[in-house]
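Visitor: My questions all concern the structure below.
The values are calculated or read from the model by the stated rules, or taken from the named source; none is laboratory data. None of these values were measured; they are calculated from a predicted model. With ideal geometry, Cβ positions are generated from the backbone for all residues, glycine too; neighbour counts draw on all protein chains shown. Protein only, heavy atoms only, side chains kept; ligands, DNA and RNA dropped before computing areas. Shrake-Rupley method; radii C 1.70, N 1.55, O 1.52, S 1.80 Å.
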Amino acid sequence: VQLQASGGGLVQPEGSLMLSCTASGNIFSIYVTGWYRQAPGQQRDMVATITSGGSTNYADSVKGRFTISRDNAQNTVYLQMNSLKPEDTAVYYCWLRTRGYDYWGRGTQVTVSS
């Protein structure tokens, strides 16, 4: 399984970005996917996840600002990030779990700064 993420960049506070991640390879039809992030010197933390059935889970720090969605036909997961704050600055990693295995994308940098 390979995960290809895109959409990171530099944005001003209160701005918006959308990340996307497309999975390819031997993907079982039922899987959980989502996004984690890691700021310099900090651990990697869950941002948002979504199941095959569409159930979502968000970190408290992003609730009401970020929205995760997925296109099962395209094996793509999206993260719409609104009202971005400087503390959202991190490397964002796409994640997928299928058949008990975890897969990670290479990460995309999101920088929120004026």
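Visitor: From Cα coordinates alone, what are the radius of gyration and Dmax values for the chain in angstrom?
Guide: 13.4, 43
Visitor: So what J values fall out for segment 33-42 if you push phi through Karplus, 6.51 cos²θ - 1.76 cosθ + 1.60 with θ = phi - 60°, rounded to Hz, Gly and Pro as x?
Guide: Computed from phi, the couplings for segment 33-42 are 9, x, 10, 10, 9, 9, 8, x, x, 10 Hz.
Visitor: May I pose another question? Could you order ARG70, ARG99 by accessible surface area, starting with the largest, using a probe radius of 1.4 Å? Walk me through the numbers before you get to the answer.
Guide: On the way: ARG70 45, ARG99 125 Å².
Result of the area sort, largest leading: ARG99, ARG70.
Visitor: If you don't mind, another one. Set the Förster radius R0 to 22 Å, insert the Cβ-Cβ distance between ARG44 and GLN80 as r into 1/(1 + (r/R0)^6), and round the FRET efficiency to 0.05.
Guide: The pair ARG44/GLN80 has a calculated efficiency of 0.60.
Visitor: Moving on. Rounded to the nearest whole Å², what accessible area per residue is found for the chain with the 1.4 Å probe?
Guide: With the other protein chains kept in place, the chain gives 54 Å² per residue.
Visitor: I've got another one for you. Just to check I understand the Karplus step: with θ = phi - 60° and J = 6.51 cos²θ - 1.76 cosθ + 1.60, what whole-Hz values come out for segment 77-83, glycine and proline as x?
Guide: In residue order, the calculated couplings are 10, 10, 9, 8, 10, 10, 6 Hz.
Visitor: Ok, one more. How much of the accessible area of the chain, in percent, comes from carbon and sulfur atoms when a 1.4 Å probe is used?
Guide: Solvent-exposed carbon and sulfur of the chain make up 46 percent of the total.
Visitor: Also, quick follow-up: Could you calculate the contour length gain from GLN2 to SER16, that is, 0.36 nm times the residue separation minus the distance between their Cα atoms, to one decimal place in nm? Don't jump to the answer; show the numbers that get you there.
Guide: Numbers: separation 14, 0.36 × 14 = 5.04 nm, distance 2.64 nm.
Here the answer is 2.4 nm.
Visitor: Still on this model: Read phi for every residue in segment 13-20 and hand back ³J(HN,Hα) as whole Hz from Karplus 6.51 cos²θ - 1.76 cosθ + 1.60, θ = phi - 60°, with x for Gly and Pro.
Guide: Computed from phi, the couplings for segment 13-20 are x, 6, x, 10, 8, 10, 9, 9 Hz.
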